[in-house]
Amino acid sequence: MATPDLNGKRILVLGAETELGAAIAAELADAGARLAVVAGSTAPDAAFAAQRLARRLSTPERPVIAQAVDATNEMGVRVMVRQASKAMGGLDAVVFSADLGDASEDAFFLALRWAGAEMFKRSGGPAIWADISLAPDDSRAGSAVPAPGAPPTAESRPRPNVTAHLVGAADRPFDETAGAVITLIEQAAPSSSE
């Protein structure tokens, strides 16, 4: 297998305070991606975990941005995505790995909505939900994530070239899950230089 090359890719990892999110962020950084690592909660331990991860993954050439947000708060997610996109010069992909219990699905769709809008400005890209509770062989894993049941509005309609994916991570080593995420990004996300 060829070594992944994500040089030039700008990726937001929401849920970076989780073990899975931190493992995915580390693999993305090793592959050369520019990152914003974001805790899906504003709890102090989650925010500090994202800051520690950003310090560990940062290099002089590729500083990693750290933030914390209440991933269930639409305005908070909107502002966070915009700030991360502005700081990185755009957004090529978003990876969601936050563990928010029953609120995880709604939080993913908020991230998809606002990160999708940023990615759409620059040709599109994937939004990937790495779900620790979903087995890799579950029939939903790998498929496009369905839109929520609400009627579409101008802002919530699917955007051309912005795709949603669900990756099962239960009973799978984190590095395998990260590999599946990287493959989706390599296949879908346009390079920032294009």
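Within the set of pairs 6+ apart or on separate chains, which have a first residue in the stretch 56-68 that is at negative phi, a second that is loosely packed, with under 15 Cβ neighbours inside 10 Å and part of a loop (DSSP other than H, G, I, E, B), and C-beta atoms under 6 Å apart?
Partner pairs satisfying both residue conditions: Ala68/Thr42.
Looking at the stretch 141-166, which of its residues are surrounded by 14 or more Cβ atoms within 10 Å (Cβ to Cβ), farther than 15 Å from Val94 by Cα and at pLDDT 50 or above?
Of everything in the stretch 141-166, those that are surrounded by 14 or more Cβ atoms within 10 Å (Cβ to Cβ), farther than 15 Å from Val94 by Cα and at pLDDT 50 or above turn out to be Ala141, Gly142.
Just name the residue that is surrounded by the fewest Cβ atoms within 10 Å (Cβ to Cβ) out of those in the stretch 86-131 that are of a type outside the set (A, V, I, L, M, F, W, C) and farther than 19 Å from Arg10 by Cβ. Reasoning before the result, please.
Within the stretch 86-131, the first condition is being of a type outside the set (A, V, I, L, M, F, W, C), and the residues that meet it are 86, 89-90, 92, 97, 99, 101-102, 104-106, 113, 116, 118, 121-126, 131.
Filter once more, so that each one left must be farther than 19 Å from Arg10 by Cβ: 99, 101-102, 104-106, 131.
On the way: Asp99: 18, Gly101: 8, Asp102: 6, Ser104: 21, Glu105: 13, Asp106: 14, Asp131: 24.
Filtering the stretch 86-131 for residues that are of a type outside the set (A, V, I, L, M, F, W, C) and farther than 19 Å from Arg10 by Cβ, the one surrounded by the fewest Cβ atoms within 10 Å (Cβ to Cβ) comes out as Asp102.
Take the stretch 166-179 and flag every residue that is part of a helix (DSSP H, G or I) and farther than 11 Å from Leu28 by Cα.
Quick first cut of the stretch 166-179, residues part of a helix (DSSP H, G or I) only: 174-179.
Answer for the stretch 166-179, where residues must be part of a helix (DSSP H, G or I) and farther than 11 Å from Leu28 by Cα: Phe174, Glu176, Thr177.
Assuming Ser85 fulfils every condition listed in (1) in contact with an Asp or Glu (Cβ under 8 Å, 6 or more places away or on another chain); (2) under 23 Å from Val162 (Cα atoms); (3) assigned to a loop (DSSP other than H, G, I, E, B) apart from one, which condition is it?
Condition not satisfied by Ser85: (3).
Does the stretch 23-43 hold any residues that are over 17 Å from Pro63 (Cβ atoms) and either touching a helix residue (DSSP H, G or I) at 6+ places or on another chain (Cβ under 6 Å) or not hydroxyl-bearing (Ser, Thr, Tyr) (or both), and which are they?
Across the stretch 23-43, the qualifying residues are Ala23, Ile24, Glu27, Ala39, Gly40, Ala43.
State the number of residues belonging to the stretch 1-17 that are of a type outside the set (D, E, K, R), under 14 Å from Val69 (Cα atoms) and part of a loop (DSSP other than H, G, I, E, B).
Total meeting the criteria: 2.
Taking the stated definitions as given, is Ala169 buried (at least 23 other Cβ atoms within 10 Å of the Cβ), modelled with pLDDT under 90, of a type outside the set (S, T, N, Q) and closer than 23 Å to Thr18 by Cα?
yes
Going through Leu53, Leu14 one at a time, which residue ends up being farther than 16 Å from Val94 by Cα, touching a residue at least 12 places away in the same chain (Cβ under 8 Å) and not charged (D, E, K, R)? Give the derivation first.
Working: Leu14 fails: farther than 16 Å from Val94 by Cα.
Unique residue meeting the criteria: Leu53.
Six or more apart or on different chains, Cβ under 6 Å: which pairs go from a residue in the stretch 34-48 that's touching a residue at least 60 places away in the same chain (Cβ under 8 Å) to one that's among the small types (Gly, Ala, Ser)? Could you list them?
Final answer for the pair search is Gly40/Gly15; Gly40/Ala71; Gly40/Ala98.
Within the stretch 83-117, can you find the residues that are within 11 Å of Ala36 (Cβ to Cβ) and not aliphatic (A, V, I, L, M)?
If the condition is that a residue be within 11 Å of Ala36 (Cβ to Cβ) and not aliphatic (A, V, I, L, M), then Gln83, Ser85, Lys86 are the ones that fit.
For Gly76, indicate whether it is small (Gly, Ala, Ser), surrounded by 14 or more Cβ atoms within 10 Å (Cβ to Cβ), within 17 Å of the chain's Cα centre (by Cα) and modelled with pLDDT under 95. Break it down stepwise before answering.
Details: small (Gly, Ala, Ser): yes; surrounded by 14 or more Cβ atoms within 10 Å (Cβ to Cβ): yes; within 17 Å of the chain's Cα centre (by Cα): yes; modelled with pLDDT under 95: no.
Taking the combined requirement at face value, the residue does not satisfy it.
Could you say whether any residue in the stretch 82-93 is more than 24 Å from Arg122 (Cβ to Cβ), among the small types (Gly, Ala, Ser) and modelled with pLDDT of 95 or more?
Going through the stretch 82-93, the residues more than 24 Å from Arg122 (Cβ to Cβ) turn out to be none.
So far as the stretch 82-93 goes, no, none of its residues is more than 24 Å from Arg122 (Cβ to Cβ), among the small types (Gly, Ala, Ser) and modelled with pLDDT of 95 or more.
If a residue has to be at pLDDT 95 or above, under 16 Å from Leu12 (Cβ atoms), in a loop (DSSP other than H, G, I, E, B) and not hydroxyl-bearing (Ser, Thr, Tyr) to count, how many in the stretch 34-62 make the cut?
1
The values are calculated or read from the model by the stated rules, or taken from the named source; none is laboratory data. Predicted model only: the values in this text are computed from it and were never measured. Positions of Cβ are backbone-derived with ideal geometry, glycine not excepted, and every protein chain shown enters the neighbour counts.
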